[in-house]
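Heads up: the structure comes next, in structure tokens.
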């Protein structure tokens, strides 16, 4: 599927999501490197033990999880050596609120990942404040611009660049986000009119960054691939 994804569908980058569920191996990434062309790039989503399962079950305090970071970074070496690692995407859960302990953890996250480019995605709209953007800019961490249902608990769409990497992630606009299984949460196909509304923002972010990545996560029934191809064509027409 990977050569098909690149050569037949025409995509130049892949957001790898299986790494959220399990720590990846170098062997997996070595195989992926061999199946793609020289200029193809990967975004690797961080393991859940780095974003979601970070607290001690007894005390509720954030755990010392350096070993997990070490294993995760070690797995990325084949991508780094071939110049194919665009960045690591760290998506934090809705229950991850902006407070001093969590900000300290975000800073440690950056320190643990060393020179690897990072993009943070927040699911809780309380992070949508200037303090957050200043923190990301100071630490050269990208802000993940999300489009998702306009529900009170979720992050609103706000195009912003905080590092040399621009990042858009389109989840769809299924209004039943909180009331359906995750398998159908992303069941949504953007219309051409909706896609065209994103183009000025993508172009503006692209002018402010070295690299801008756009991914669709409305992966139910192949909608993500359909919309990605459609948006790529629309961007070329501009």
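The values are calculated or read from the model by the stated rules, or taken from the named source; none is laboratory data. As the structure is a prediction and not an experimental result, all values here were calculated from the model. Because the Cβ atoms are built from the backbone with ideal geometry, glycine has one as well, and the counts that use them run over all protein chains shown.
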_Residues located in the stretch 111-143, provided they are surrounded by fewer than 18 Cβ atoms within 10 Å (Cβ to Cβ) and either free of Cβ contacts under 8 Å to residues at least 24 places away in the same chain or assigned to a helix (DSSP H, G or I) (or both)_ = 111, 112, 115, 125, 126, 130, 131, 133, 134, 137, 138
*Please verify whether the stretch 31-45 includes one or more residues that are in contact with a strand residue (DSSP E or B) (Cβ under 6 Å, 6 or more places away or on another chain) and over 22 Å from residue 228 (Cα atoms).*
no
*Kindly provide the set of residues from the stretch 10-30 that are farther than 18 Å from residue 87 by Cβ and surrounded by fewer than 13 Cβ atoms within 10 Å (Cβ to Cβ), ordered by number.*
10, 21, 22, 27
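Rundown of residues vs (1) crowded, with 19+ Cβ neighbours inside 10 Å; (2) modelled with pLDDT of 95 or more; (3) under 19 Å from the mean Cα position of the chain (by Cα), yes/no style:
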position: 57; (1), (2), (3): no, no, no
position: 63; (1), (2), (3): no, no, no
position: 70; (1), (2), (3): no, yes, no
position: 74; (1), (2), (3): no, yes, no
position: 77; (1), (2), (3): no, yes, no
position: 83; (1), (2), (3): no, yes, yes
position: 97; (1), (2), (3): no, no, yes
*Considering 36, 19, 30, which residue is farther than 29 Å from residue 93 by Cα, in contact with a helix residue (DSSP H, G or I) (Cβ under 9 Å, 6 or more places away or on another chain), in the same structural domain as residue 72 (by TED's automatic domain parsing) and not in a loop (DSSP other than H, G, I, E, B)?*
30
*asked:* Criterion first (in contact (Cβ under 8 Å) with a residue 12 or more places away in the chain, assigned to a helix (DSSP H, G or I) and touching a strand residue (DSSP E or B) at 6+ places or on another chain (Cβ under 9 Å)) does residue 72 satisfy it?
replied: yes
_Condition met for residue 172 (surrounded by 20 or more Cβ atoms within 10 Å (Cβ to Cβ) and within 23 Å of residue 95 (Cβ to Cβ))_ = yes
*Hey, residue 154 part of a helix (DSSP H, G or I) and in contact with a helix residue (DSSP H, G or I) (Cβ under 9 Å, 6 or more places away or on another chain) or not*: no
